[in-house]
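Report on one structure; see the data block that follows.
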Amino acid sequence: STPPPGCRCPPSGGRCSPRRSPATTSRPGRARRPGPLACPKPFPASSSPAAGITVVTWNVGTAMPPNDVTSLLHLNTGETNDADVIAIGLQEVNSKINKRLKDALFTDQWSELFMDVLSPFHFVLVSTVRMQGVILLVFAKYYHLPFLQDIQTDCTRTGLGGYWGNKGGVSVRLSIFGHMVCFLNCHLPAHLEKAEQRKEDFATILHMQQFEGHAASGILDHDLVFWFGDLNFRIESLDIRFVKYAIDSNILSQLWEKDQLNIAKTTWPVLSGFQEGPLNFPPTFKFDVGTNKYDSSAKKRKPAWTDRILWKIKSPGVGLGVGGCWPSRGVLSVSQLCYCSHMEYTISDHKPVAAIFAVQFASKADKPPVEIYVADEWSRPEQAVVRYRMAAGFHRSSWDWIGLYRVGFRHPKDYMSYVWARSDDGERCLEKQLCAQVIFPEEALPKGRGEYILGYYSNTFNSITGVTEPFQISLPRPEEGSSPTDSSGSSSEEEDDSTLVLLAPKSRSPSPGKMKRHRSRSPSLAKFQGLILRPSSRDRAVSRSPSPQSCRGLPGDIPTIHLPQEELGGCRANTKEPGWAADSQDASSPSYQTVPGQSSSWWVSADTPLARADPRNLGLLPALRLEMIDQAMGRQRESEDQGYPCPRMSPTSHLGCSTSPKEGSSS
């Protein structure tokens, strides 16, 4: 059955509380089988399965993130926590040169905020793309990750004739339960008289953005397109005094017919088929920053609905595949449950806009590509056995891996440790649909008690293709001071002044540095090899989000890692070749280890202070201070004269620094 009509958004904007259909997909359970292992139950089949999709757009006007965005994301309205996918489009994020440099190396503050707020609600960052100040983030519940495939991103610059990215569009496309969906976040030209320019830029974005594969190569080839952003359409003809009178008198319908986008939807062929809910909230631009009052400056800009969210369903007969067959699993329908602005946010001259949709699928993929079987609890190291079965036709890679995640993880590379999904009979298991097995060694397991999730990461698809339900790990903690390793680790955590040298940015290990890059010309790490990054003392321990996950920072500063120029020859990049790891027996260069038995397990632990210097956690570092490398090398030589040893890099870091000149000269 179709979900009932949603909420009535108040004319003054603010929160809305849509009602959700009972048919909406719920969190899957775990099927019980004889024996100690259990596997995740497939998603429940339904005659009318629905997926909840929330879309948010906000021109933040270069402002810093607010302290709380839970109301914007509709996370505090009860049943709306069952949303399955959240897409967030931002415009005018601060992109000055110093800010862009830091954001190019580390996760930007806005992305950090949304990950901090959403991760306690079991949302995981699926994909993100940025073009200067335009950012698009797509989140999904962790148990939906195996059903989100073919994830690609693209961006198109339209500013300064296509050479500048202050205007344009960024997109994330993916298959959701077997249906092709595209999210397109745009920032189009401003001003009343630029309507034709907005039309041309939108047409350019649709033409330029092309994706790999035959299912949906262009944006409009997708089964469902969400188009949103600061589209900058204005209200024509009417005087500013009448516009404000209509807003104050709550007669917004008298402004709709003069809205440029409403006019364009009936006259521009490029907008044919795009739908939008009624504008029952006041215009979202332009406000005096810090207030809910419209522009009182000398310019006195006329209020307008510049921030919009539209959608389009592919027409039947358009984009048929080979032989006239639909590339997806069936037709779909969309019901908009809520469309409103949020007046409570005053950091920008724009108000954010949110829309909640219930997407009805005619059919739904209900079996993940990889099924993982795991015991309900690991109370002893020998219980850390993982069995998995790959679906027929699954394209496995020798670089697939299984990650161990703490419940509330933020993105697919936010793992505690992992093992390579390699077994001696892997190909035979795939061919005969048998279960393969890997083992987490004791050193890779977290100590203490907590809830964890296992996820199978596919190197071919660059996404998680199988997950388990949360299970318990309860292993005894080692006694404090029981080993020299523990004491050295604690002392390194207490170091106050930490330094990271950026070298060899292209690591081949399955770390967050291997995130799939979108087609943008953003500066890469390789262009900043002469810089040393040092956290600013005044920015340390600054937490912005009140969510529980905001406290997941480092327990102490990252230990100092010095790489003097004369010793660079002794530094060895992490490689994929298993032979190097197997042949290296030097305890000073820990990498991968194997566990004898029925199958081989390749693991890397991230539960050490040095391992937290891994690129996946760079986004957790505070603001930066840039120094010339010669100055830092001078301080490093002074520390060497005092007899301090050179700390070793973690196995998951980009480089492993040898600790003796002999090793350095031989590599």
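The values are calculated or read from the model by the stated rules, or taken from the named source; none is laboratory data. None of these values were measured; they are calculated from a predicted model. All Cβ positions, even for glycine, are placed from backbone atoms using ideal geometry, and neighbour counts span all protein chains on display. Calculation scope for accessible area: heavy atoms of the full protein, side chains included, ligands and nucleic acids excluded. Shrake-Rupley method; radii C 1.70, N 1.55, O 1.52, S 1.80 Å.
In table form, for the structure just shown:
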{"item": "Vicinal HN-Hα couplings computed from phi for segment 210-227 (Karplus, 6.51 cos²θ - 1.76 cosθ + 1.60; Hz; Gly/Pro x)", "result": "10, 10, 6, x, 9, 5, 7, 7, x, 4, 6, 7, 6, 4, 9, 10, 9, 10"}
{"item": "Table column - 3J(HN,Hα) (Hz), segment 232-245, Karplus curve with 6.51, -1.76, 1.60, x for Gly and Pro", "result": "6, 6, 10, 9, 8, 6, 5, 6, 4, 5, 5, 4, 5, 5"}
{"item": "Computed label-point distance, nm, for sites E200 and R449 using a 7 Å Cα→Cβ extension", "result": "6.7"}
{"item": "Calculated FRET value between K299 and T62, using beta carbons and R₀ = 22 Å, to 0.05", "result": "0.75"}
{"item": "Sulfur and carbon atoms: percent of accessible area, segment 212-357 [1.4 Å]", "result": "53"}
{"item": "Carbon + sulfur, % of accessible area of segment 120-173 - ligands and nucleic acids excluded, 1.4 Å", "result": "57"}
{"item": "Other-chain or far-sequence residues with amide H under 5 Å of L337's (modelled H)", "result": "I356, F357, A358"}
{"item": "Cβ crowding within 10 Å averaged over residues, with 110-117, 379-386, 128-135 ranked highest first", "result": "128-135, 110-117, 379-386"}
{"item": "For peptides 195-201, 163-169, 403-409, sequence by mean Cβ density within 10 Å, most packed first", "result": "403-409, 163-169, 195-201"}
{"item": "Under 5 Å, built H, 5+ apart or other chain: amide partners of S463", "result": "S458"}
{"item": "Computed magnitude of the charge dipole of segment 180-259 (debye, nearest 20; Cβ of K, R +1, Cβ of D, E -1)", "result": "260"}
{"item": "Residue-normalised accessible area of segment 164-300, given per residue in Å² at a 1.4 Å probe", "result": "42"}
